Amino acid sequence: MTARSNFERTLKEIQQDILRLGSLVEQAVYDSVQALVKQDVALAAQVIMGDEMIDELYLGIEEKCVRVMATQQPMAKDLRVAVTGIKILLSLERMGDHCVDIARATMCLSGHPFTVRPVQYIPEMADIVQQMVKDGLDAYVKRDVYKATDMCAMDDEVDFIFNRIFRELIGCMKEKPVNVYQSAYLLYVSRYIERIADHATNIGEAVIYLVTGERHELN
């Protein structure tokens with residue numbers, strides 16, 4: 001019983017660590033987009049430096065998950081908990097990397113006022129992505145398949161906005177070649193945000209696998 005209690009306590013610790021990592025990633029998404037919109041180089045640098053903390057926490061939690069699987073001989077359902085934890089960790093870490101990509105794009109665009117209209121859609125896109133990350137982690141804690149599924153469906157909204165940004169930025173580049181530099185970087189940024197949404201969808205799929213033991217492709 002003692003060994004089982006220790007095992008369950010470790011799983012709870014892993015879950016809390018994952019939520020802490022998720023909180024850092026949510027903040028990084030918000031800060032990276034705010035830095036872009038406000039052309040705040042200092043905030044962009046803060047996002048880049050903050051990624052070290054995300055990476056360190058990711059590695060620590062991953063090691064804990066692997067140690068549990070290697071030493072506790074978990075049963076099938078327990079093993080799914082550990083495997084799901086690693087999947088969610090990987091998705092969160094990659095989201096953090098994309099936030100760094102957005103911050104670096106912000107630095108490249110600094111000092112040049114925005115002249116293309118589609119930039120206004122980027123915060124809208126990011127708001128949806130932040131909600132996806134929040135809902136995905138909430139579904140993970142509550143083992144809520146329905147919430148995970150609904151969250152994954154939000155990816156369609158992100159894709160719709162991304163396609164709109166893509167079309168309009170291409171139009172801006174055709175209309176005025178002077179817009180090419182700025183438009184190209186904003187295309188990258190919108191793509192990074194779209195990829196964050198894809199990773200959030202992966203979290204939803206992981207939650208469904210955790211609860212049901214079944215794999216569903218929702219992206």
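Based on this model, can you work out whether Ser91 counts as surrounded by fewer than 17 Cβ atoms within 10 Å (Cβ to Cβ) and hydroxyl-bearing (Ser, Thr, Tyr)? I'd like the intermediate steps shown before the answer.
Numbers: surrounded by fewer than 17 Cβ atoms within 10 Å (Cβ to Cβ): no; hydroxyl-bearing (Ser, Thr, Tyr): yes.
No; evaluated as a whole, the condition is false for this residue.
Say whether the condition of being within 25 Å of Leu57 (Cα to Cα) and open to solvent by less than 70 Å² (accessible area, probe 1.4 Å) is met by at least one residue in segment 119-127. Yes; the residues of segment 119-127 include at least one that is within 25 Å of Leu57 (Cα to Cα) and open to solvent by less than 70 Å² (accessible area, probe 1.4 Å). Condition check for Tyr146 on (1) under 28 Å from Leu43 (Cα atoms); (2) among the hydroxyl-bearing types (Ser, Thr, Tyr); (3) open to solvent by 20 Å² or more (accessible area, probe 1.4 Å): one failure, at (1). Look at (1) free of Cβ contacts under 8 Å to residues at least 60 places away in the same chain; (2) of a type in the set (Lys, Arg); (3) surrounded by 15 or more Cβ atoms within 10 Å (Cβ to Cβ) and you find that Arg167 fails only one, number (3). A count restricted to segment 21-77 and to residues that are in contact (Cβ under 8 Å) with a residue 60 or more places away in the chain and not in a helix (DSSP H, G or I) stands at 4. Residues of segment 203-219 that are surrounded by fewer than 21 Cβ atoms within 10 Å (Cβ to Cβ) and either more than 17 Å from Asp159 (Cα to Cα) or at pLDDT 95 or above (or both): Tyr209, Val211, Thr212, Gly213, Glu214, Arg215, His216. Scanning segment 172-202 for residues that are open to solvent by 30 Å² or more (accessible area, probe 1.4 Å) and among the small types (Gly, Ala, Ser) turns up just one, Ala184. With respect to being open to solvent by 60 Å² or more (accessible area, probe 1.4 Å) and either more than 28 Å from Ser110 (Cβ to Cβ) or of a type outside the set (D, E, K, R) (or both), Leu43 falls outside the description.
The values are calculated or read from the model by the stated rules, or taken from the named source; none is laboratory data. Keep in mind it's a predicted model, so treat the numbers as computed, not measured. For neighbour counting, all protein chains shown are included, and Cβ atoms are generated from backbone atoms with ideal geometry for every residue, glycine included. Side chains included, ligands, DNA and RNA excluded: accessible areas come from the protein's heavy atoms. Shrake-Rupley method; radii C 1.70, N 1.55, O 1.52, S 1.80 Å.
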